[in-house]
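Read the structure below first, then the notes.
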Amino acid sequence: MNNKLKASACLAPVILLSACQTGGKEEPKKPLNIIHIMTDDHSYQTISAYGHPISRLAPTPNLDRLASQGMLFRKAFVENSLSTPSRACLMTGLYSHQNGQRQLGEGIDTTKVFFSELLQQQGYQTGVVGKWHMQCEPKGFDFYYVLWDQGDYYNPEFKTPYSHGEYIREEGYATTLTTDHAIEFLDERDPNKPFCLLVHHKAPHRNWMPDTKYLNLYEEVEFPYPETFFDDYVTRCEAARTQEMRIDRDMNLVYDLKVDELKGNAEYKQSWLLNSWEASLERMTPEQRDAWHAAYSHKNKAFIEQDLQGEELVKWKYQRYLRDYLRCIKTIDDEVGRLMDYLEKEGLMENTVIVYTSDQGFYMGEHGWFDKRFMYEESFCTPLIIRHPALTQTGKVCDALVQNIDYAPTYLALAGIEKPEVMEECSLLPLLSGVIPADWREYLYYHYYDYPAVHQVRRHDGVRDERYKLIHFYGEGAGHDQDMNCNELYDLQADPNEVHNVYSDPQYAQVVSRLQDRIDQFRTDLKVDEF
């Protein structure tokens, strides 16, 4: 978006708020409360409001209920498909290279302003519960109850302002406990002040450990296989072949798929995976461990006796993966429903904006993969639902291109705060009326940096418009990987599965030229320092 278009689009939310607050002789309306619910690695394919075949077999009634009362975004994307960088984009409204959090292990620049600080200065009570996962203290929060590191599914440790820097173990399931602490914040708040609460769930992050009450859910369901499940990557750059996120080759039967009986086999003894798996079991209470073994032992025994190989083995792994993942989603859906029920009971639904999203998308077997990181749609695209009690037309969908760097400007606009000039993008409020402004953005910029690292996805950046996507893979190779300088172009209308790279097709020469100009412009305007 050029500066002129950016300026006009960013002015819109201020005008909307002014009209609401100063029109005629009406009393100024109280600022709206904000609840931002963010899960970790939740795919849009597994929210039934999106209509994907997987979710039809594992519905999410409470998320669907939220969507029916608000707006479902079908083209919501991230700037960097990785957990901690995505969280840094949320807090700062800045691209990864601007806020310092390019990779999982590279810490955020704490001199950057968090939107929570600005809300706090404006009189908002601010809280964050659940996953934080940034190498700094929660900044700009009156209340926090955050998990250690990624967090554990069972009996996790939380840190609070009152725990003297220590993480204290709590008995229970992480998704439920996170909601407990969200409600604790709401119970203890000053009812005369507006609030902003971030509810950040650990689930459904790898290794997909369900609550004990759902360990057998979906056991008889056969989930459909994606069209690209046995992708051969034949037209793609080398990056698509050298990744380490294939279900057949890289999904560990012990750590990922809970076949504990195989942990003595040398081929499954990847040290950090096995150590993490054993630590997960050891932290369970005896009752939890008994429930776990009762659910998995007989299924694992049957699997081992079958001695599956080849295609049958990878299909079994896919089904176990989806069942466990979707069992985790079931508890997420339950807890979203519990939080909504609380808000309704307390009379808060009519002055609270509720946002549901994930830190990025996730592969449900597309291209034979799990995990995220690539700019292909399944990880680049994230679920997004917004319920605004005054502006949202209920049960509507939005196809505007939006991105996670838009959240901070949106929340500042809701509070009537002018966003800092350094924030690149704009509030989403104008979209909630159901009409896409004429000057809304036409392009998105993406950049992934975390290589060499787990899953070995190569560095790349790219642009996407309504129909086309240009991706540039680059950088020196590590280990057996070759140096990379390779481009891919996808026509998403003709090829929604992104299996036909048409970068070298003469018919698309003008598209390549246009998108190359656009990516060059992004790199210049944003002062991108590597590509």
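Would you check if PRO194 is in contact with a Leu (Cβ under 9 Å, 6 or more places away or on another chain), under 30 Å from HIS298 (Cβ atoms) and in contact (Cβ under 8 Å) with a residue 24 or more places away in the chain? Criteria not met by PRO194. Within the set LEU253, LEU273, LEU257, the sole residue that is out of contact with any Lys or Arg (no Cβ under 6 Å at 6 or more places or on another chain), more than 14 Å from HIS367 (Cβ to Cβ), hydrophobic (A, V, I, L, M, F, W, C) and in contact (Cβ under 8 Å) with a residue 60 or more places away in the chain turns out to be LEU253. Evaluating GLU350 against the criteria (1) within 30 Å of GLN319 (Cα to Cα); (2) acidic (Asp, Glu); (3) part of a helix (DSSP H, G or I) leaves one unmet condition, (1). Among the residues of the stretch 302-321, those identified as of a type outside the set (S, T, N, Q), surrounded by 12 or more Cβ atoms within 10 Å (Cβ to Cβ) and not in a loop (DSSP other than H, G, I, E, B) are PHE303, ILE304, LEU313, VAL314, LYS315, TRP316, LYS317, TYR318, ARG320, TYR321.
Scanning the stretch 153-177 for residues that are open to solvent by less than 60 Å² (accessible area, probe 1.4 Å) and among the aliphatic types (A, V, I, L, M) turns up ALA174, LEU177. Checking each residue in the stretch 258-281 for being of a type in the set (Ser, Thr, Tyr) and more than 28 Å from the chain's Cα centre (by Cα) picks out only TYR268. Considering the stretch 481-522, and only residues there that are touching a residue at least 12 places away in the same chain (Cβ under 8 Å) and part of a helix (DSSP H, G or I), the residue that is surrounded by the fewest Cβ atoms within 10 Å (Cβ to Cβ) turns out to be GLN516. Put simply, of ALA49, ALA76, ALA88 the only residue that is open to solvent by 10 Å² or more (accessible area, probe 1.4 Å) and either without any contact (Cβ under 8 Å) to a residue 60 or more places away in the chain or in contact with a strand residue (DSSP E or B) (Cβ under 7 Å, 6 or more places away or on another chain) (or both) is ALA49. Answer yes if at least one residue in the stretch 442-458 is touching a helix residue (DSSP H, G or I) at 6+ places or on another chain (Cβ under 9 Å) and either open to solvent by 80 Å² or more (accessible area, probe 1.4 Å) or farther than 21 Å from ASN80 by Cα (or both), and no otherwise. For the stretch 442-458, residues touching a helix residue (DSSP H, G or I) at 6+ places or on another chain (Cβ under 9 Å) and either open to solvent by 80 Å² or more (accessible area, probe 1.4 Å) or farther than 21 Å from ASN80 by Cα (or both): present. Each residue in the stretch 233-275 was checked for being of a type in the set (Asp, Glu) and either touching a strand residue (DSSP E or B) at 6+ places or on another chain (Cβ under 6 Å) or open to solvent by 60 Å² or more (accessible area, probe 1.4 Å) (or both), and 5 pass. Kindly indicate the residue of the stretch 322-347 that is touching a residue at least 24 places away in the same chain (Cβ under 8 Å) and surrounded by fewer than 18 Cβ atoms within 10 Å (Cβ to Cβ) and also nearest to the chain's Cα centre (by Cα) among those meeting that condition. Filtering the stretch 322-347 for residues that are touching a residue at least 24 places away in the same chain (Cβ under 8 Å) and surrounded by fewer than 18 Cβ atoms within 10 Å (Cβ to Cβ), the one nearest to the chain's Cα centre (by Cα) comes out as GLY337. Condition (residue is under 30 Å from PHE380 (Cα atoms) and of a type in the set (A, V, I, L, M, F, W, C)) applied to the stretch 95-108: is it met by at least one residue? Yes: one or more hits.
The values are calculated or read from the model by the stated rules, or taken from the named source; none is laboratory data. Please read these numbers as outputs of a predicted model, since none were measured by experiment. Glycine gets a Cβ as well: all are built from the backbone with ideal geometry, and neighbour counts include every protein chain shown. Please note that ligands, DNA and RNA were not included when accessible areas were found on the heavy atoms of the full protein model with its side chains. Shrake-Rupley method; radii C 1.70, N 1.55, O 1.52, S 1.80 Å.
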